[in-house]
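Below you'll find the structure, written out as structure tokens, and then a few comments.
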Amino acid sequence: MGLLNHQLSKDFHRIADFVYEKQFILDPRLNTEYNDYRKKRMYEDILHNLSFLEMGHALNDTVIFSSYADWLYKLMVNMMPDISPSRIKEQMIEHYQILKEGIHEFIHKPIERYSEMLDQAIEITKKANNDKSELPFSSSKYGIICQTYLDYLLNTKTNIAIQYVKAIRESGIGIADIYVDILQPVMVEIGEMWHRREITIDQEHYMTSTTQVVIAQFYQEIFSKERNTKKILTAAIGGELHEMGIRMVSDLFEYNGWDSIYLGGGTPKKAIMDAVLRHQPHLAAFSVTMPQHLLECKEIVENLKEAHPQIKIAVGGRAFLMTDYIWEKWPVDIYLKDAKALVAWAEQNFEDKI
Ligand code: B12
């Protein structure tokens, strides 16, 4: 969690202190269950919880916090196997109740929306269970390939993993399918395994970097395609470190003859606006994985639409799945779930076929 910056207002830092202290006073058993490391994590988690609450409030979308509450319960259960799931539920429900009190005490503006989000989180937590829902890749048309590639990564067979995906390409499976129907579900499963504490952070990082090397194997082919006259500018918004998804979007457009200008993650808002002005792309595509960056994305698309109404705007990425169809309230031309779908949409919506 330490990787995320919390741009919370001053009030929220006071609430974090209040909640942390009050939870230990009301529930002294925590002192035996939590060592110093867990206590430190707990404080970080309170800041994290507040940043999700603040984002849900700012964007007027209660689903952001309830999806997060469900994810957080599962993470806690997996991180603390010595504490029973029912006890973790008890702690979390109490935590949300104290958060409500803290907000009531320190925020001097209407707080109904915060209370509503916290009540929903309590309900979600009461019903939450940590059962593994379905077998990984059961819905993928390349299930066996996904599992084989994942097994190579789990066994750190870097060379074999890379050669394996190259051989898949040589067997005739297209790059778009390799990206979206093989590498993407494997990355999602890697995330689930991290969430379930079945792999460690270093394993997750290794598998990510190896998958980036796999992607790099295709650049010779991707960047030698015949050009059309179209241009796409892409970026992951805010301090977002998740950039593989938007990289795939850029690559598939490049593969289809577009010029792609890929800004990666962490590009400041003004720099993105300046880049759009300079390059005048036909399509600007923005990606958000962590909901904390949604507000910045909203500001960018609003400014952009106003300044350059002729430029089409697409948004996507995992954060949007954790909202109540938030993109429908924004001035964007399209939201889609994956890179292949955006290419197909562009084919229908731009004069030159891509
Ligand atoms: C790899 C990874 C990382 C890497 C990222 C490295 C990199 N160079 O990208 C690192 C280690 C940096 C990282 C950090 C963190 N991560 Co992380 N990460 C992942 C993981 C495992 C894979 C992400 C990925 O590459 N997916 C594959 C790509 C291809 O999929 P995609 O991004 O969804 O993109 C596709 C579509 O969404 C769509 N799309 C994307 N953008 C756009 C844009 C447009 C316009 C369109 C149309 C479509 C579109 O098309 C893409 C291709 O088809 C995910 C798991 C997951 N479910 O995604 C967790 C995950 C996203 N991470 C998570 C977390 C918690 C974190 C951290 C907070 C802590 C941590 N795990 O270390 C930090 C936060 C970092 C930050 N400040 O942003 C959680 C988020 C949970 C939540 N509550 O929101 C996840 C879901 C893991 C989990 N299951 O719990 N992470």
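No value in this document is a laboratory result; all are computed from the given coordinates. Bear in mind that the values here come from a model prediction, so they are computed numbers and not experimental data. Note that we place each Cβ from the backbone using ideal geometry, even for glycine, and neighbour counts take in every protein chain shown.
Magnitude of the charge dipole for the chain, about its Cα centre and with charges confined to Cβ atoms of Lys, Arg (+1) and Asp, Glu (-1), is about 340 debye.
Scattering from the stretch 268-354 was approximated by placing one identical point on each alpha carbon and applying the Debye formula without solvent; log10 I(q)/I(0) at 0.13, 0.15, 0.19, 0.21 1/Å stands at -0.41, -0.55, -0.88, -1.06. For the stretch 41-137, trypsin sites (Lys or Arg not before Pro) meeting the loop criterion (DSSP other than H, G, I, E, B) and having at most 13 other Cβ atoms within 10 Å: Lys132. In whole percents, the pair-distance distribution calculated for the stretch 197-354 from its alpha-carbon pairs, binned every 10 Å from zero, is 10, 40, 35, 12, 2. Among the listed pairs Lys127/Lys337; Lys270/Lys305; Lys10/Lys270; Lys22/Lys127; Lys74/Lys127, those whose Cα-Cα separation exceeds 18 Å are Lys127/Lys337; Lys10/Lys270; Lys22/Lys127. Label-to-label distance, Arg29 versus Glu299, with points set 7 angstrom from Cα along the beta-carbon direction: 4.4 nm.
Using DSSP to define loop residues, name the trypsin sites (Lys or Arg not before Pro) in the stretch 210-255 whose beta-carbon has at most 16 other beta-carbon atoms within 10 Å.
Values: sites: Lys225, Arg227, Lys230, Lys231, Arg247; in loops: Lys225, Arg227, Lys230.
Filter output for the stretch 210-255: Lys225, Arg227.
Relative to the Cα centre, the charge distribution of the stretch 18-60, modelled as +1 at Lys and Arg Cβ and -1 at Asp and Glu Cβ, gives a dipole magnitude of about 100 debye. Would you kindly give the portion of the calculated P(r) for the chain that falls above 35 Å, as a percent of all Cα pairs? Every Cα pair in the chain considered, those over 35 Å come to 31 percent. Does anyone have the angle between helix 294-307 and the longest principal axis of the chain? Alpha-carbon axes, 0 to 90°, nearest 10? For helix 294-307, the angle is close to 50 degrees.
For the chain, which span is the longest to avoid every loop-located (per DSSP) member of chymotrypsin sites (Phe, Trp or Tyr not before Pro) having at most 11 other Cβ atoms inside 10 Å? Longest site-free region, per DSSP loop and neighbour criteria: 1-222. Helix 158-170 axis versus longest C-alpha principal axis of the chain: approximately 50°, rounded to the nearest ten.
If you average the sequence gap of Cα pairs under 8 Å that are 6 or more apart and divide by the length of the chain, what percent do you get for the contact order?
On the way: 443 pairs, mean separation 51.7, N = 354.
Dividing the mean separation by the residue count of the chain yields 15 percent.
Relative to the longest principal axis of the Cα atoms of the chain, the long axis of helix 244-255 makes an angle of roughly 10 degrees.
Kirkwood's formula applied to the C-alpha pairs of the stretch 191-290 gives a hydrodynamic radius of 14.8 angstrom.
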